[in-house]
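Contents: one structure, followed by commentary.
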Amino acid sequence: MDLPDPAALDRLADRGWPALEREALQGWTLRASAGVTNRANSVLTAGDVEDVATAVADAERWYAARSLPAVFQTSPASPVSLADVLAARGYREHSTTDILVADRAEVAEGWTEAVAVRVAESPSAAWLDTWWSVDGRGGAVEREVARRILTGGRALYASHGDPSAPDAVARLALVGEWGGLYAVATRPEARRRGLARDLARALAHAASAHGVTALWLQVVAENAAAHALYASLGFRRASGYSYWSRS
């Protein structure tokens with residue numbers, strides 16, 4: 001498959017994890033969701049602005065008005081001077097992440113209905129319980145914000161194990177011909193059983209009925225185990241990004 005350009009991938013991921021509030025700042029997008037998750041509370045900088053320093057200052061005021069810290073998501077699609085401007089204003093880079101892509105059919109190879117994975121078009125309370133127990137940060141208010149982000153666009157939700165208490169879950173955002181793998185979470189006691197692989201294959205298989213032909217996902221750059229898993233499913237690196245925030 002041909003690799004999409006970084007700007008296209010940034011926008012796919014933005015649509016796959018939609019912020020509750022968003023506003024254009026020339027070629028950038030300001031995103032806020034009560035501080036729940038970096039992506040939904042950061043500036044998507046995949047585009048041009050007239051003056052980078054002025055745009056950064058405008059973004060800082062926008063977030064301050066919402067009592068949120070300004071966070072910037074940068075990628076190869078960002079203005080080349082942005083990193084220097086942010087560093088000069090006291091920001092630091094963190095959470096370096098790779099974006100991987102794969103052919104949907106290749107990921108689905110080997111899928112069998114014998115594997116006990118269920119796929120639904122909305123997340124059950126039990127699905128949310130499992131995901132939040134692994135990846136959640138905060139209490140009931142933050143969980144409700146996260147639920148609204150998860151359900152802000154079309155998606156498929158896979159779970160493995162007891163329907164009332166799944167031991168592993170994953171979400172596939174549906175964005176045109178692309179599917180974005182998010183929220184892959186396995187309870188500690190169920191790890192090292194290949195459940196993440198089963199969930200990815202099941203979602204890739206189910207996505208065919210929704211017109212999906214290609215998949216993307218994000219994985220922290222230094223997570224060697226996750227990289228090995230996704231490489232074995234046919235994913236390869238297409239781009240990357242990081243966040244910048246003040247300490």
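The values are calculated or read from the model by the stated rules, or taken from the named source; none is laboratory data. Being a predicted model, the structure only gives us computed values, none of them experimental. Virtual Cβ from ideal backbone geometry, glycine too; neighbours counted across all protein chains shown. Accessible surface areas use protein heavy atoms only, side chains included; no ligands, DNA or RNA. Shrake-Rupley method; radii C 1.70, N 1.55, O 1.52, S 1.80 Å.
Values computed for the structure shown
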{"item": "Single match in ASP48, ASP84 (criterion: assigned to a loop (DSSP other than H, G, I, E, B), open to solvent by 60 Å² or more (accessible area, probe 1.4 Å) and more than 30 Å from ALA155 (Cβ to Cβ))", "result": "ASP48"}
{"item": "Residues satisfying the stated conditions in region 62-81, i.e. open to solvent by 50 Å² or more (accessible area, probe 1.4 Å) and under 24 Å from the mean Cα position of the chain (by Cα)", "result": "ARG66, SER67, PRO69, PRO76, VAL80"}
{"item": "Hits in region 183-209 - residues which are free of Cβ contacts under 8 Å to residues at least 40 places away in the same chain and within 14 Å of ALA120 (Cβ to Cβ)", "result": "ALA209"}
{"item": "Residue match in region 87-96 (condition: among the aliphatic types (A, V, I, L, M) and within 19 Å of the chain's Cα centre (by Cα))", "result": "no"}
{"item": "Some residue of region 89-96 being in contact with a Ser or Thr (Cβ under 8 Å, 6 or more places away or on another chain), hydroxyl-bearing (Ser, Thr, Tyr) and within 30 Å of ALA207 (Cα to Cα)", "result": "yes"}
{"item": "Checking GLY161 against (1) modelled with pLDDT of 95 or more; (2) of a type outside the set (Ser, Thr, Tyr); (3) open to solvent by less than 30 Å² (accessible area, probe 1.4 Å), the condition it does not meet", "result": "(1)"}
{"item": "Of all residues making up region 1-16, the number that are within 27 Å of ARG147 (Cβ to Cβ) and open to solvent by less than 80 Å² (accessible area, probe 1.4 Å)", "result": "6"}
{"item": "Test: residue in region 17-26 that is open to solvent by 10 Å² or more (accessible area, probe 1.4 Å), in a loop (DSSP other than H, G, I, E, B), more than 28 Å from ARG137 (Cβ to Cβ) and in contact with a helix residue (DSSP H, G or I) (Cβ under 6 Å, 6 or more places away or on another chain)", "result": "no"}
{"item": "Residue count for region 88-127, restricted to those that are surrounded by fewer than 20 Cβ atoms within 10 Å (Cβ to Cβ) and in a helix (DSSP H, G or I)", "result": "5"}
{"item": "Close pairs from region 170-182: first within 9 Å of THR213 (Cα to Cα), partner assigned to a strand (DSSP E or B) and small (Gly, Ala, Ser), Cβ under 8 Å, at least 6 apart", "result": "GLU177/ALA214; TRP178/ALA214; GLY179/ALA173; GLY179/ALA214"}
{"item": "Number of the condition not met by ASP167 [criteria: (1) over 20 Å from ALA13 (Cα atoms); (2) touching a helix residue (DSSP H, G or I) at 6+ places or on another chain (Cβ under 6 Å); (3) buried (at least 20 other Cβ atoms within 10 Å of the Cβ)]", "result": "(3)"}
{"item": "Complete set of residues in region 1-52 that are basic (Lys, Arg) and in contact (Cβ under 8 Å) with a residue 12 or more places away in the chain", "result": "ARG11, ARG15, ARG31, ARG39"}
{"item": "In region 51-71, the residues that are more than 15 Å from GLY35 (Cβ to Cβ) and either part of a loop (DSSP other than H, G, I, E, B) or among the hydrophobic types (A, V, I, L, M, F, W, C) (or both)", "result": "ASP51, VAL52, ALA53, ALA55, VAL56, ALA57, ALA59"}
